[in-house]
Amino acid sequence: MSRASTGDNPHTRGIAEFIAGLTYARIPAEVVARVKLLILDALGCALYGAGLPWSRILMATLGGLDQTRSCIVWGADRRLSAPHAALVNGTLVQSFELDDVHRAGVLHVGAVTLPALIAVAELRPGMSGQDFLRAAVAGYEIGPRVGLCMGPEHIGQGWHSGATVGVFSAAAGAAAGLRLSVDQAVHALGIAGTQAAGLMAAQYGAMVKRMHAGRAAQSGLYGALLAEAGFTGIVDVFESPYGGFCSTFSRSHDRFNLAELTAGLGERFETLGVALKFYSCVASNHTTLDAIRTIAARRPFRAEDIAKITVHASQATVDHVGWPYKPQGLTSAQMNLPFCVATLLAEGDVFVDQFEEAVVTDPRRIALAAKVEVVHDPAITARGARLRHMVRVDVRFGDGSLETETVEAPRGSEHKFASEADVVEKFRKLAGHTVSDMQAGRIVDFVLGCDKLADVGALVSTLAGKRV
């Protein structure tokens, strides 16, 4: 790896050239089709999130501070300034552990890209649907590449990648939406990158974990808007050996790979590597839940029949979700693998109806969680970042028998992506908590037909909901 000096910015500039030069015609049809489904999924997560307690606190607090009414808060009868709307809307998408994830890049991409981009669309009316999709793809491409550059060790060191890496997706999408020049895009990335922050300790019960995506979206929006106005940022934000994003957040000069930032950029689309969730918990838990469902399908059992469950996993999974469960709050419950396994065993599913604040101290789930152990398997870690969620699950029954199942990637993953019908069904289930069936149908039609819209404002206006 080369150690770039100040001003030596081939990767930062390469990303900026991609952002400024991307055209709708250059995006493969399969990527356009995929990004529509990803957008619909993110909007569904946000609409559900509008009614949650932490979302209400954030909306009410910002509403009391902010008299500007530029942009819609999705799923709510409320408008805020563009930066505050980006903050709230990003929080809404990430509000209940239901949104997308680029597993190898360790990033919830829609939660950071779309709030900034849609704010730009509201600030600059007249953006076409094709321009909107083009800018969205710019955001969905860049953040995951920064995550790949940093590797899963980034969260292992305690940084929450959605909050750190996420600023670059937000800046890229907003910069593309504003049609910034290459030089302006360089500065947008540099302004966004210096705002990156977010601690993984937030996963242990804190509401603020859900706000990290919103702050990243807000920072990226600031970066693009300020760069457009001539404000300057760190021009070698990735390459700088002292105080650059990569060197600082890795605490090294070699525990990152700058080549990942631009490798195949514009030819290999990381948008196709973004996975969807069909469980209401952190993505690291999904392969285990799928494995247990597969075992139950071939050998039906009751929760009481289980003596012990051992999950063999990557070091990243062990660190991220494998800690012994303690009732510290709903966020912690959704992040913790033993508790989510216990939820599946006790309730038969792990979706929105299975998580309310009271379940955090449910004695039955806590007892079942104590039967689950998550252990490191070096062979799985050696498979690399793209298979960091792979698990081998051993279920030992009270009669001494053993069932084993290995899952490399869960349902809805980039390897087994969901159908359009599955995505629409999930969207309608979530959106129905906030908007009418008719309004939900209009959103579906506008998103799936986005490339035909002369003005994406028609879609954005449908995102307003009832007062919450």
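The values are calculated or read from the model by the stated rules, or taken from the named source; none is laboratory data. Since this is a predicted model, take the numbers as computed values, not measurements. Positions of Cβ are backbone-derived with ideal geometry, glycine not excepted, and every protein chain shown enters the neighbour counts.
Brief remarks on what is shown
- Selection from the range 396-437 of residues that are hydrophobic (A, V, I, L, M, F, W, C) and free of Cβ contacts under 8 Å to residues at least 40 places away in the same chain: Leu402, Ala421
- Looking across the range 398-415, just one residue is outside any strand (DSSP E or B) and hydrophobic (A, V, I, L, M, F, W, C), and that is Ala409.
- Here Glu239 fulfils each of the conditions (1) more than 27 Å from Val35 (Cα to Cα); (2) modelled with pLDDT under 95; (3) part of a loop (DSSP other than H, G, I, E, B) apart from (2).
- Every condition in (1) closer than 14 Å to Leu47 by Cβ; (2) surrounded by fewer than 16 Cβ atoms within 10 Å (Cβ to Cβ); (3) among the polar types (S, T, N, Q) holds for Thr434 except the one numbered (2).
- Sole residue being over 25 Å from Leu107 (Cα atoms) and either in the same structural domain as Val393 (by TED's automatic domain parsing) or among the hydroxyl-bearing types (Ser, Thr, Tyr) (or both), chosen from Thr288, Thr317, Thr310, Thr331: Thr310
- Going through (1) within 15 Å of the chain's Cα centre (by Cα); (2) buried (at least 24 other Cβ atoms within 10 Å of the Cβ); (3) in a loop (DSSP other than H, G, I, E, B) one by one, Gly75 falls short only on (1).
- Selection from the range 90-148 of residues that are among the aromatic types (Phe, Trp, Tyr) and either modelled with pLDDT under 95 or on the phi > 0 side of the Ramachandran plot (or both): Phe96
- Condition check for Ser55 on (1) more than 24 Å from the chain's Cα centre (by Cα); (2) among the polar types (S, T, N, Q); (3) in a helix (DSSP H, G or I): one failure, at (1).
- Set Leu92, Leu133: member being in a helix (DSSP H, G or I), closer than 25 Å to Phe351 by Cβ and touching a residue at least 40 places away in the same chain (Cβ under 8 Å): Leu92
- Residue in the range 265-284 that is within 24 Å of the chain's Cα centre (by Cα), free of Cβ contacts under 8 Å to residues at least 40 places away in the same chain and not in a helix (DSSP H, G or I) present: yes
Conditions (1) in the same structural domain as Ile309 (by TED's automatic domain parsing); (2) closer than 30 Å to Ala33 by Cβ; (3) over 17 Å from the mean Cα position of the chain (by Cα); (4) in a helix (DSSP H, G or I), marked per residue:
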residue	(1), (2), (3), (4)
Arg383	yes, yes, yes, no
Arg386	yes, yes, no, yes
Arg396	yes, no, yes, no
Phe417	no, yes, no, no
Val423	no, yes, no, yes
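- Unique match (being assigned to a helix (DSSP H, G or I), in the same structural domain as Ser250 (by TED's automatic domain parsing) and touching a residue at least 60 places away in the same chain (Cβ under 8 Å)) among Gly162, Gly105, Gly143: Gly162
- Qualifying residue in the range 357-364 (condition: touching a His at 6+ places or on another chain (Cβ under 7 Å) and surrounded by 12 or more Cβ atoms within 10 Å (Cβ to Cβ)): no
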